[in-house]
Amino acid sequence: MVTEETVKVIEWLGDRVRLIDQTRLPQAEVYLDLTDYHDVAAAIKELKIRGAPAIGVAGAYALALGALHVKAATRKEFLKEFEKIKQAIASTRPTARNLFWSLERLAQVAQTSSEDVARTKEALVNEALRIHAEEAEATLKLSEFGAALLKDSSAILTHCNTGALATAGYGTALGVIKWAIKQGKHIRVLATETRPLLQGARLTCWELKKADIPATLITDSMAGYLMSLGKIDGVIVGADRIAANGDTANKIGTYTLAVLAKAHNIPFYIAAPTSTIDLSLASGKGIPIEERRPEEVTGFQGVTTAPADMAVANPAFDVTPHHLITAIITEKGVVGEPYGEGIKEICHVQAG
Ligand code: MRU
């Protein structure tokens with residue numbers, strides 16, 4: 001049974017970043033050593049590393065790596081280059097709040113650290129390492145909180161991939177499931193395949209196999225029928241961005257599962273670290289939703305499955321309104337309605 005990160009998802013190696021290429025899983029475990037921040041940014045864009053918390057960690061390492069290579073005689077010149085690198089990394093994926101949260105943390109360090117450029121670079125690397133360690137710790141804590149909500153002998157459905165691969169830690173929704181099982185609860189795990197890029201089939205199933213946790217894989221469209229048969233007792237998923245009122249963006253198909261869960265009176269949980277919360281957005285309406293390439297829908301891994309020139313919609317995420325969410329599980333505690341108040345409280349913002 002796993003208690004920690006089962007795979008080295010991403011590592012800082014002093015002058016480079018090493019990450020497992022998630023587009024190659026489950027067929028091959030390939031590690032990439034990246035010495036140029038452009039390559040780390042491309043890896044984020046191409047989903048070689050993905051999942052909101054892992055994107056945040058990768059973004060921080062990419063910015064630290066870029067900063068290390070800046071040749072600047074003055075602090076002013078350094079900060080100008082730093083800003084350019086930060087913008088390039090920020091433009092990779094728009095929805096995961098964690099990316100912008102971690103880039104802002106590094107920007108704070110750059111703005112406030114010493115006149116000495118070499119020291120600033122060192123401080124940036126240290127901040128990126130701190131972000132990774134803190135985020136990993138947060139996933140362990142939230143998994144423990146969430147596990148208390150899962151009933152013994154229950155069947156729990158999860159969507160997309162929210163384990164070590166998605167978090168560079170223990171996991172969010174999958175972390176909760178793993179922790180409950182570690183506690184001795186009998187949980188029957190159901191994983192959706194998660195069209196179009198199959199993060200559930202490829203990555204969640206790979207992680208569960210590695211952890212020796214039995215699970216059943218279903219296509220996304222089977223969830224409603226299984227709920228109608230009473231074969232699903234709860235749904236737990238991760239999040240890419242949570243607005244101040246609890247509305248939550250997550251992998252496309254999440255909203256459908258939430259509606260189905262409501263219709264069948266099944267609890268629907270979100271698990272995410274507080275770095276996923278965006279207090280600047282009053283509701284989910286303001287969450288930017290990434291639209292990805294049509295080829296992801298018209299085929300898979302080089303095999304075309306639709307007629308040529310089909311019009312395609314490919315939003316990578318959807319937004320679940322807070323009234324469909326039973327609870328949001330974070331490392332600072334579990335929040336329910338009224339979400340506005342609870343979220344402010346865990347983020348230490350004075351109500352007013
Ligand atoms: O497009 P992806 O694979 O980055 O999407 C990932 C998800 O939607 C996850 O559910 C979310 O980031 C939570 S990960 C702990």
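Values as computed for the structure displayed
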| item | result |
| --- | --- |
| Segment LEU129-VAL259, length gained on full extension (0.36 nm per residue, minus Cα span) | 42.9 nm |
| Considering only region 150-265, percent of DSSP beta bridges that pair antiparallel, nearest 5 | 15 percent |
| Whether region 135-213 is rounded, prolate or oblate, judged on the alpha carbon gyration tensor where a/c under 1.5 counts as rounded | oblate |
| Estimated distance in nm for a label pair at LEU13 and TYR225, the labels positioned 7 Å out from Cα along Cα-to-Cβ | 4.6 nm |
| Positive-end residue, the chain charge dipole about Cα centroid, Cβ charges, pick of ALA258, GLY163, LEU47 | ALA258 |
| Helix axis angle, 52-68 relative to the chain longest principal axis, alpha carbon, degrees | 10 degrees |
| Percent RCO, i.e. relative contact order, over the chain, from Cα pairs under 8 Å lying at least 6 residues apart | 16 percent |
| Mean Cβ neighbour count within 10 Å, used as a protection proxy, ranking 157-164, 202-209, 177-184, 294-301 highest first | 157-164, 202-209, 177-184, 294-301 |
| Partner aspartates and glutamates for LYS141 [C-alpha distance under 15 Å; skip if fewer than 8 residues away on the same chain] | GLU4, GLU5, GLU331 |
| Computed magnitude of the charge dipole of region 211-352 (debye, nearest 20; Cβ of K, R +1, Cβ of D, E -1) | 180 debye |
| For region 188-236: rounded, prolate or oblate by the Cα gyration tensor [a/c cutoff 1.5] | oblate |
| Whether region 143-346 is rounded, prolate or oblate, judged on the alpha carbon gyration tensor where a/c under 1.5 counts as rounded | oblate |
| Beta bridges by DSSP in the chain, antiparallel share as percent, to the nearest 5 | 50 percent |
| Net charge, GLY59 excluded, C-beta distance under 13 Å - Lys, Arg +1, Asp, Glu -1 | +3 |
| Peptide ranges 29-38, 227-236, 97-106 listed from the most packed, as the mean C-beta count within 10 angstrom indicates | 97-106, 227-236, 29-38 |
| Estimated vicinal HN-Hα couplings, Hz - region 299-315 in sequence order (Karplus 6.51, -1.76, 1.60; Gly, Pro = x) | x, 9, 6, x, 9, 7, 10, 9, x, 4, 6, 5, 6, 9, 10, 9, x |
| Computed lengthening from GLN183 to LYS209, 0.36 nm per intervening residue step minus Cα-Cα distance | 7.5 nm |
| Entries of LYS182/LYS285; LYS251/LYS332; LYS151/LYS332; LYS231/LYS251 with Cα pairs more than 30 Å apart | LYS182/LYS285 |
| Charge context of LEU150, other residues only, Cβ under 14 angstrom, K/R +1, D/E -1 | +2 |
| Under 9 Å, Cβ to Cβ, from HIS159 - net charge with Lys/Arg +1 and Asp/Glu -1 | 0 |
| Label-point separation in nm, ALA313 to SER283, each point 7 Å along Cα→Cβ | 1.9 nm |
| For region 10-140: lysine pairs under 22 Å (alpha-carbon distance), excluding those fewer than 8 apart on one chain | 13 |
| Rg [Å, one decimal], Dmax [Å, integer] - the chain, C-alpha atoms | 19.9, 68 |
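FYI, it's all coordinate maths here, none of it is from the lab. Keep in mind the model is a prediction, meaning the values are calculated, not measured. Glycine also receives a Cβ, built like all others from the backbone with ideal geometry; neighbour counts cover every protein chain displayed.
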